[in-house]
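Participant: Structure provided below as structure tokens; questions to follow.
The values are calculated or read from the model by the stated rules, or taken from the named source; none is laboratory data. Just so we're clear, the structure is a prediction, and the values are computed from it rather than from any experiment. Note that we place each Cβ from the backbone using ideal geometry, even for glycine, and neighbour counts take in every protein chain shown. Surface areas here come from the heavy atoms of the whole protein model, side chains and all, with no ligands, DNA or RNA. Shrake-Rupley method; radii C 1.70, N 1.55, O 1.52, S 1.80 Å.
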Amino acid sequence: MHVKTKLIGATLTAALLAGTSVMASAETLRWARAGDSLTLDPHAQNEGPTHALSHQIYEPLISPDMAAQQIPALATEWYVKEDDPNVWVFELREGVTFHDGADFTAEDVVFSINRAKMPDSDMKELLVSISEVRAVDDYTVEFVTDGPNPLLPNNLTNTFMMDKGWAEANDVTKPQDFEGGEETYAVRNANGTGPFRLVSREPDTQTVLEQNPDYWGMDDFPMEVTEIIYTPIQNAATRVAALLSGEVDFIQDVPVQDLDRVGDTEGLIVNKTAQNRTIFFGINVGDEDLQNDTVEGENPFASKQVRQAMNMAINREGPSSRSSCAASRRRPA
């Protein structure tokens with residue numbers, strides 16, 4: 001069983017696809033993880049669980065595959081213009097419709113990118129090099145950058161496309177001011193082009209999605225799951241208990257201490273994959289005196305010997321990398 005579930009980056013996609021591929025052939029996937037999506041507004045927050053849910057409903061121009069390689073989504077081709085290294089050209093997929101039936105065109109791309117660049121958008125930092133986005137025709141868009149930017153396609157994999165007409169009709173042409181506590185129509189409602197469409201949304205309680213029968217990728221990706229019931233379960237023990245009892249089919253954020261217990265349980269399987277991230281220590285070496293240490297009148301980190309000692313104390317042979325772990329029900333033989 002293979003489910004078309006486009007999640008945040010290759011690592012999370014791999015975790016979910018690997019998990020659901022061994023589920024029983026039920027049409028409903030009961031999915032749980034520690035945190036809920038912060039909002040359904042696709043440009044308001046750049047955050048893992050938020051993108052994970054959004055990827056089921058909305059789509060970017062480019063998606064990462066399970067090896068973190070770029071694959072076509074709403075764009076079928078992208079390349080730098082031959083006569084201008086500051087212009088990226090994106091050829092759009094034709095015949096795509098939003099969940100309300102509206103056609104997806106270049107006009108929606110221009111609108112979505114400009115919306116994602118607005119001050120209240122948490123995606124704007126990824127789009128700062130874009131000085132202009134323009135529609136050449138209904139299915140061709142040009143991105144003008146303030147200097148050659150070979151990383152632009154990478155920065156678009158979590159930038160979701162919205163329907164301009166729907167946004168205008170529902171007064172959501174600007175992203176939600178999340179930090180200001182703003183409530184807009186796009187916070188609890190959605191209209192994307194993705195494989196699932198929104199049925200109901202109860203923040204921090206449950207979100208229900210149903211398969212989009214008009215999804216453009218229906219013939220490309222087997223769509224055996226017709227319903228997703230997404231339930232945030234913050235408490236780790238409760239989350240694992242829900243899997244063990246059969247209350248849910250698939251969990252992310254499996255506690256490290258429970259990996260062996262879950263993996264040894266008949267009918268369950270644990271899938272692990274490396275996360276696509278780098279975590280590092282940032283050391284304050286500039287202040288003359290740190291305010292939150294126990295050393296008066298000086299900054300220990302200003303000493304080269306202290307930094308060398310910290311470096312020597314790191315166990316480089318130990319498990320220093322962070323991984324994503326998911327557990328699910330094993331598919332019967």
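Participant: Quick one: Asp214 ticks every box in (1) under 28 Å from Arg93 (Cβ atoms); (2) open to solvent by less than 60 Å² (accessible area, probe 1.4 Å) bar one, so which box is it?
Facilitator: Every condition holds for Asp214 apart from (2).
Participant: State the number of residues belonging to the stretch 217-234 that are surrounded by 15 or more Cβ atoms within 10 Å (Cβ to Cβ), more than 20 Å from Gly192 (Cβ to Cβ) and not hydrophobic (A, V, I, L, M, F, W, C).
Facilitator: 3
Participant: So if I check each of Val248, Val295, Val270, Val254, which one is in contact with an Asp or Glu (Cβ under 9 Å, 6 or more places away or on another chain) and either basic (Lys, Arg) or within 23 Å of Gly48 (Cβ to Cβ) (or both)?
Facilitator: Val270
Participant: Pull up the stretch 130-155, narrow it to residues that are touching a helix residue (DSSP H, G or I) at 6+ places or on another chain (Cβ under 8 Å) and not in a strand (DSSP E or B), then point me to the one that is least open to solvent (accessible area, probe 1.4 Å).
Facilitator: Keep residues of the stretch 130-155 that are touching a helix residue (DSSP H, G or I) at 6+ places or on another chain (Cβ under 8 Å), which gives 130, 133-141, 143, 155.
So of that shortlist, the ones also not in a strand (DSSP E or B) come out as 138-139, 155.
Details: Asp138: 98, Tyr139: 57, Asn155: 42 Å².
Applying the filter and picking the extreme gives Asn155.
Participant: Still on this model: Checking the condition over 23 Å from Arg30 (Cβ atoms), touching a residue at least 40 places away in the same chain (Cβ under 8 Å) and open to solvent by less than 80 Å² (accessible area, probe 1.4 Å), which residue from Ala242, Ala274 passes? Write out each step before concluding.
Facilitator: Numbers: Ala242 fails: over 23 Å from Arg30 (Cβ atoms).
Matching residue, one of Ala242, Ala274: Ala274.
Participant: Under 9 Å between Cβ atoms, which residue pairs at least 6 apart in sequence (or on different chains) link something in the stretch 87-99 that is at positive phi with a partner that is surrounded by 23 or more Cβ atoms within 10 Å (Cβ to Cβ)?
Facilitator: Close Cβ pairs (under 9 Å, with a partner that is surrounded by 23 or more Cβ atoms within 10 Å (Cβ to Cβ)) amount to Gly95/Phe104.
Participant: Here is a follow-up. Looking at Asn212 and the list (1) modelled with pLDDT of 95 or more; (2) over 23 Å from Phe98 (Cβ atoms), which single condition is not satisfied?
Facilitator: It is condition (2) that Asn212 fails.
Participant: Return the residues of the stretch 262-302 that are of a type in the set (Ser, Thr, Tyr) and at pLDDT below 90; say none if nothing qualifies.
Facilitator: Hits for the stretch 262-302 are Thr273, Thr278, Thr294.
Participant: Of the conditions (1) under 19 Å from Ala34 (Cα atoms); (2) in contact with a Gly (Cβ under 9 Å, 6 or more places away or on another chain), Val256 fails just one. Which one is it?
Facilitator: With (1) under 19 Å from Ala34 (Cα atoms); (2) in contact with a Gly (Cβ under 9 Å, 6 or more places away or on another chain) applied to Val256, the lone miss is (2).
Participant: Taking the condition touching a helix residue (DSSP H, G or I) at 6+ places or on another chain (Cβ under 9 Å), open to solvent by 50 Å² or more (accessible area, probe 1.4 Å) and not in a loop (DSSP other than H, G, I, E, B), does Ala237 pass?
Facilitator: yes
Participant: Which one of these does Val208 not meet: (1) under 28 Å from Ala116 (Cβ atoms); (2) in contact (Cβ under 8 Å) with a residue 40 or more places away in the chain; (3) in contact with a Phe, Trp or Tyr (Cβ under 9 Å, 6 or more places away or on another chain)?
Facilitator: So Val208 meets the others, but not (2).
Participant: Which condition breaks for Glu125 when tested against (1) of a type outside the set (S, T, N, Q); (2) touching a Lys or Arg at 6+ places or on another chain (Cβ under 7 Å); (3) farther than 17 Å from Ile57 by Cβ?
Facilitator: (2)
Participant: Now for a different question. Out of (1) within 22 Å of Val254 (Cα to Cα); (2) at pLDDT 95 or above; (3) under 13 Å from the mean Cα position of the chain (by Cα); (4) not hydroxyl-bearing (Ser, Thr, Tyr), the odd one out for Ala32 is which?
Facilitator: Unmet for Ala32, out of (1) within 22 Å of Val254 (Cα to Cα); (2) at pLDDT 95 or above; (3) under 13 Å from the mean Cα position of the chain (by Cα); (4) not hydroxyl-bearing (Ser, Thr, Tyr): (3).
Participant: Looking at the stretch 91-116 only, could you name the residues that are touching a helix residue (DSSP H, G or I) at 6+ places or on another chain (Cβ under 7 Å) and in a strand (DSSP E or B)?
Facilitator: Leu92
Participant: Now for a different question. When you scan the stretch 178-205, how many residues do you find that are in contact (Cβ under 8 Å) with a residue 24 or more places away in the chain and surrounded by 16 or more Cβ atoms within 10 Å (Cβ to Cβ)?
Facilitator: The total comes to 15.
Participant: With respect to the numbered conditions (1) loosely packed, with under 10 Cβ neighbours inside 10 Å; (2) modelled with pLDDT of 90 or more; (3) among the acidic types (Asp, Glu), which one is the sole condition not fulfilled by Glu317?
Facilitator: The one condition Glu317 does not meet is (2).
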